[in-house]
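Read through the structure below, which is laid out as structure tokens, and then see the notes.
The values are calculated or read from the model by the stated rules, or taken from the named source; none is laboratory data. What you see is a predicted model; the values in this text were computed from it and never measured. Cβ placement follows ideal geometry from the backbone for every residue including glycine, while neighbour counts extend to all protein chains displayed.
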Amino acid sequence: MTLKSTLLAAVAVATISVMAARAERGADGHLNLLYWQAPSILNPFLSGGIKDTEASSMILEPLARHDENGQLVPWLVREIPTVENGGVSADMTTITWRITPGLKWSDGTKFTADDVVFTAKYCMSPEGGCQQESKFFDVKTVDALDDLTVKVTFEKPKPYPYGPFVGHDSPILQKEQFKNCVGAAAPNCTAENFAPRGTGPFRVTDFKANDVLTLEANPFYRDPGKPGFATVTLKGGGDAAGAARAVLQTGEFDYAWNLQIDPSLLAEMAKGGKGEVITAFGAAVERMQVNLTNPDPALGPDRSTLKGGAHPFLTDPIVTKSLSMAIDRTVLAEVGYGAAGKPTCNVLPAPALYRSAANDDCLIQDIPKANQMLDDAGWLRGSDGIRSKDGVRLSILFQTSTNAVRQDTQALVKSWWTKLGIEVELKNVAPAVYFGGSQSSPDTYQKHYADIGMFTNTFTGSDPETYMKNWTCAQIPAPENNWLGFNIPRFCNADYDALADKMSQTAVLEDRAALAIAMNDMLVQNGALIPLVHRGDVSARAKNLTGVRMNSWDSELWNIADWGRAQ
Amino acid sequence: MRKASPLAHRSRPHHVWARFRRHKMAYLGLWFLLLVTILTLLGPMIWTLDPTTLDIAAKHQGPSLRHPMGTDQLGRDLFAAMMIGGRTSLMVGFMAMFLSLVLGTCVGMIAAVFKPLDGPLMRLTDLFLALPMLPLLLVVIMLWRDSLRTAFGPESGVFILVVCVISITSWMQTARIVRGEVLALKEREFILAAISLGAGPRHLIWQHILPNVLSPIFVSATLGFASAILTESALSFLGLGFPSDFPTWGRLLFDGTNYMTLTPARVIWPGLALSLTVLSVNYIGDGLRDAMDPRADTQ
């Protein structure tokens, strides 16, 4: 009898103590996220879309990542390997990660170096269609030295070795789950790709692609007191304005992502008092992509390719310089972006170390001077007010994606360029088509069948080496490479390629910065790109949501384990 | 049939007009449509503000003497944009209506009069009816926008494309109605009489059949006009169709929806113009049908 009651008491105590431990994790109940572009897959290696990599970042984690200031922070490892602490070899060909002991997957099994090795094999498998392959450039081998140590060996000295396993777009997959999904089988593993097991604070309970994702707190998460929320719903669909309204005015959702709408509207909605608008600046720049090749439809398949020849007038630096000079970037930033935009003349405006000061004169609009420059260069106004020279009329087709802010920018730019005696025709393409990358559509940004295109681009992490490589000759989209590559202006310059090459062999940070600045200046001064606005990310959060540290260098949900609700 | 009521002293058009005037809503609608048409044609000459002139300092303004309908997010005058935009919208409506009417009447008439062609033509009509409109429009616009743009310039190129596309996808109703009416007419005594007197098909169509199917044609024309305006606005609403700085009512409505809470005038005016125009055109069709109904003579 006594034994029985003692046992019962023991069980009761045990239950209570378990409950107490659980009470902390998930104490804040339910979190509602709204991503108006719905995630379609939860395996970031099979998707380049930010919506997908962000959604999966609640489940999967990398070894290290960037915080909101762009600083590397250790995540699943004890420290960031450097040359000083011996983690990076002196010849810069290897990096050794030391994993934090005691980590578990969301099914309770142990997280080991084998999983890391497997992830590298998964992404580097040639038939797997890995979208994050660039993270693994120049990787020779990845070996597990023991259960908790991983060594990455590069084929050549890698001055910036923080590519593989760093950032939300290069997380670790579980070997046990994905072992049959390597190579050509990767896209067919729907069950795995829709519900990956991870080390992150949440695990998938249900996922309807392109619609809604529901998650619950991961019971094996390393910090017993986290995450603060027990369950999460990530709803997709709708548009940016509706998403902003849902957080700021109606309070239906706690967090909404990517709210590129008119700032005056956003301010109006914020008066609803349910939430607030938050911004963070990365390196995103809204820029014009000047077409340096000829987009004339008469050229057929050679349209907008190097083979089709140079552009009739945009290769004249005087023309591109005056185009840039006629733009009032301050107005563009104010009208389109409000607090989330700053005028810029650089393609690479951040981090501060990489920011060039050589182009800042473009910040001041000077239409008379631009007119003077065109006059001097022999571009004279005809009877219709449009300038021409040797039979070439300055008539520009200016194309971008359908988006209220971009159409405003187009209208403003057109009004300024018209004052220069340049004819401007505006065209906008549905975003799903423009950014869709379909080979058969003539309207994608890569095909660039226009004189000037406009969109935003940026890079993840804080090192611009790969990003600056985008404008080397090899990166020019053309029919031969299925229109892949980010060199949209078709800028091909041997000096630029040499600088890019040199950067990949330079280790000293200051020297790397100097190279990046030189490359930035070359792009801007040769008129390949006309940078407009340094854009911040805009999101909205409910007023009672705590712990949000908005991050432009990584996933916005990078620290979701710390989020909670103020009482 | 044209001389069906020998007691009528007035000519038929006169007669129809007299009866049309008795339909109050149709009469009102006609005046409204006239007013809108005159306003869009002559208005921009009096109200000389250019709808594309930007004035950032005057953005998001409510109605004032300077801007009777307020301004948009870039300080463009909404009143000027409404008039210029109405011009395009009405033009698209009239042109597309006219084209689809001609096409539909021809197909319906030929199918009904020439028996061997009836089957193939009606199956063609069914085929077009079965095509999903919007996706088809998207594909057509994507395929031909560039070539038309280079041939006719950005605005007229898109205008031609939009008008053609709308009329090609909206003639089927007219064709079916006309065919049905003509088939019924063919069995009437006066037609049989004309045939037995030796009338050829051309004479038969022009002198006897066409005048008698005019009223359903007019009615379907008004409906077609309304749906053409709406289709154009749907295209603009989707960001297709005309360039973004080229106002049409549909585009103004589309741009305005985002600012609905800030400046409601931006959706109210284009929305009102669209719905009232479409409504009045529908009433006109209604009135015309009543007025042209031959049986009304014998009341």
Requested in this report: Out of B:40, B:52, report the one residue that is under 18 Å from residue B:249 (Cβ atoms) and within 22 Å of the chain's Cα centre (by Cα).
Outcome: B:40
Query raised in the report: Is there a residue being in contact with a helix residue (DSSP H, G or I) (Cβ under 7 Å, 6 or more places away or on another chain), surrounded by fewer than 18 Cβ atoms within 10 Å (Cβ to Cβ) and in a helix (DSSP H, G or I) anywhere in the range B:134-142?
Result: yes
Query - Single unsatisfied condition, residue B:161 versus (1) over 27 Å from residue A:396 (Cβ atoms); (2) under 19 Å from the mean Cα position of the chain (by Cα); (3) within 14 Å of chain A (Cβ to nearest Cβ) - result: (1)
Requested in this report: Return the total of residues in the range B:242-253 being touching a Leu at 6+ places or on another chain (Cβ under 8 Å) and either surrounded by 24 or more Cβ atoms within 10 Å (Cβ to Cβ) or facing chain A (nearest Cβ under 10 Å) (or both).
Outcome: 6
Report task. Determine which single condition residue B:51 fails, assuming it passes every other condition in (1) away from every other protein chain (no Cβ under 14 Å); (2) surrounded by 18 or more Cβ atoms within 10 Å (Cβ to Cβ); (3) of a type outside the set (Gly, Ala, Ser); (4) not in a helix (DSSP H, G or I). Result -> (1)
Query raised in the report: Which members of the range A:443-457 meet the condition of being farther than 26 Å from residue A:342 by Cα and either surrounded by fewer than 16 Cβ atoms within 10 Å (Cβ to Cβ) or of a type in the set (A, V, I, L, M, F, W, C) (or both)?
Result: A:450
Query - strands (runs of 3 or more DSSP E) lying entirely in the range A:59-175 (those with 1 or more residues that are of a type in the set (S, T, N, Q) and either on the phi < 0 side of the Ramachandran plot or surrounded by 22 or more Cβ atoms within 10 Å (Cβ to Cβ) (or both)) - result: A:94-98, A:139-146, A:149-154
Query raised in the report: Name the residues in the range B:4-48 that are at pLDDT below 90, surrounded by 15 or more Cβ atoms within 10 Å (Cβ to Cβ) and not hydrophobic (A, V, I, L, M, F, W, C), would you?
Result: B:12, B:15, B:19, B:23, B:43, B:44
**Report entry** Options A:200, A:183, A:273: the member that is at pLDDT below 90 and either crowded, with 17+ Cβ neighbours inside 10 Å or touching a Ser or Thr at 6+ places or on another chain (Cβ under 8 Å) (or both)
**Finding:** A:183
Query raised in the report: Given the residues B:147, B:167, which is the only one that is in a helix (DSSP H, G or I), among the small types (Gly, Ala, Ser) and under 20 Å from residue B:221 (Cβ atoms)?
Result: B:167
Requested in this report: Quick one: count up the residues across the range A:441-461 that are facing another protein chain (nearest Cβ under 10 Å) and more than 23 Å from the chain's Cα centre (by Cα).
Outcome: 3
Query raised in the report: Of A:417, A:471, which residue is buried (at least 21 other Cβ atoms within 10 Å of the Cβ), in contact with a helix residue (DSSP H, G or I) (Cβ under 7 Å, 6 or more places away or on another chain), within 30 Å of residue A:515 (Cα to Cα) and at pLDDT 90 or above?
Result: A:471
Query raised in the report: Restricting attention to the range A:204-221, does a residue exist that is under 19 Å from residue A:78 (Cα atoms) and of a type in the set (Val, Ile, Thr)?
Result: no
Query raised in the report: Do we have residue B:160 as part of a helix (DSSP H, G or I) and at pLDDT below 90 here?
Result: yes
Requested in this report: Kindly indicate whether residue B:196 is within 14 Å of chain A (Cβ to nearest Cβ), over 20 Å from residue B:25 (Cβ atoms) and hydroxyl-bearing (Ser, Thr, Tyr).
Outcome: no
Report summary line: Among helices (runs of 4 or more DSSP H) entirely within the range A:221-325, at least 3 residues that are under 28 Å from the mean Cα position of the chain (by Cα) and either of a type in the set (Ser, Thr, Tyr) or within 14 Å of chain B (Cβ to nearest Cβ) (or both) occur in A:240-248, A:263-270
Query raised in the report: Of everything in the range B:171-187 that's over 25 Å from the mean Cα position of the chain (by Cα) and surrounded by 14 or more Cβ atoms within 10 Å (Cβ to Cβ), which residue is farthest from residue B:116 (Cα to Cα)?
Result: B:185
Report summary line: The number of residues in the range B:129-157 that are at the interface with chain A (Cβ under 10 Å from one of its Cβ atoms), aliphatic (A, V, I, L, M) and under 19 Å from residue B:248 (Cβ atoms) is 1
Report task. Check A:517, A:530 and return the single one that is buried (at least 22 other Cβ atoms within 10 Å of the Cβ), modelled with pLDDT of 90 or more and within 23 Å of the chain's Cα centre (by Cα). Result -> A:530
Query raised in the report: Is there a residue in the range A:547-554 that is touching a helix residue (DSSP H, G or I) at 6+ places or on another chain (Cβ under 9 Å), within 27 Å of residue A:251 (Cα to Cα), surrounded by fewer than 22 Cβ atoms within 10 Å (Cβ to Cβ) and not small (Gly, Ala, Ser)?
Result: yes
Query raised in the report: Looking at (1) at pLDDT 80 or above; (2) within 19 Å of residue A:406 (Cβ to Cβ), which is the only condition residue B:225 fails?
Result: (2)
Requested in this report: Go through (1) farther than 21 Å from residue A:323 by Cβ; (2) surrounded by fewer than 19 Cβ atoms within 10 Å (Cβ to Cβ); (3) within 14 Å of chain B (Cβ to nearest Cβ); (4) in contact with a strand residue (DSSP E or B) (Cβ under 7 Å, 6 or more places away or on another chain) and name the single condition residue A:436 misses.
Outcome: (4)
Query raised in the report: Within the range A:326-336, how many residues turn out to be assigned to a helix (DSSP H, G or I) and acidic (Asp, Glu)?
Result: 1
Query raised in the report: Among the residues of the range A:398-442, which ones are assigned to a loop (DSSP other than H, G, I, E, B) and either in contact (Cβ under 8 Å) with a residue 24 or more places away in the chain or on the phi > 0 side of the Ramachandran plot (or both)?
Result: A:402, A:403, A:420, A:421, A:422, A:430, A:435, A:437, A:439
Query raised in the report: Taking the range B:62-99 on its own, how many of its residues are under 23 Å from residue B:231 (Cα atoms) and more than 14 Å from every other protein chain (Cβ to nearest Cβ)?
Result: 21
Report summary line: Among (1) under 30 Å from residue A:429 (Cβ atoms); (2) assigned to a loop (DSSP other than H, G, I, E, B); (3) at pLDDT 85 or above, residue B:198 falls short only on (1)
Requested in this report: State yes or no: is residue B:276 within 17 Å of the chain's Cα centre (by Cα), of a type in the set (A, V, I, L, M, F, W, C) and either at pLDDT 85 or above or outside any helix (DSSP H, G or I) (or both)?
Outcome: yes
Query - Hits in the range A:377-397 (condition: in a strand (DSSP E or B) and closer than 14 Å to residue A:311 by Cβ) - result: A:389, A:392, A:393, A:395, A:396, A:397
